[in-house]
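Encoded as structure tokens, the structure appears first; notes follow it.
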Amino acid sequence: MGLMDSAKDALNSDKGEKLSDAGIEKAEQAASSKTGGKFDEKIEKAGETADGKVGDGH
């Protein structure tokens with residue numbers, strides 16, 4: 001099993017999913033803060049897309 005497989009398995013675990021969700025949420029909040037909420041819909045959509053690509057998408 002290679003490093004990428006190990007990383008993928010870790011992200012697909014419950015703990016990894018919680019960590020990735022928390023990181024995505026934190027990034028969304030930071031982006032919203034920097035843009036004054038002007039692009040919240042686009043930021044949320046980007047966060048949903050990122051969550052679908054990382055972890056199990058929940």
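In straight Cα distance, which lysines are under 26 Å from LYS42, not counting same-chain residues fewer than 8 positions off?
Candidates past the 8-residue exclusion: LYS18, LYS26, LYS34, LYS53.
Taking the alpha-carbon distance from LYS45 and a cut-off under 19 Å, which aspartates and glutamates remain once sequence neighbours fewer than 8 residues away in the same chain are dropped?
Cα-Cα hits under 19 Å: GLU17, ASP21, GLU25, GLU28, ASP56.
Grab the other residues whose beta carbon is less than 12 angstrom from that of GLN29, score K and R as +1, D and E as -1, and report the net.
Overall, the nearby charge balance is -2.
Can you find, among GLY36, ASN12, GLY23, the residue sitting farthest towards the positive end of the charge dipole of segment 3-53, where Lys and Arg contribute +1 and Asp and Glu -1 at Cβ?
The one lying farthest along the dipole's positive direction is GLY36.
Using the crude model of +1 on Lys and Arg Cβ and -1 on Asp and Glu Cβ, and no other charge, please compute the dipole size for segment 3-53 relative to its Cα centre, in debye to 20.
For this selection, approximately 260 debye.
Taken together, the values in this text are just the output of simple stated rules run on the coordinates, not laboratory data. This structure is a prediction, so every number in the text was calculated from the model and none was measured. Quick reminder, even Gly has a Cβ in these numbers, built from the backbone with ideal geometry, and neighbours come from all protein chains shown.
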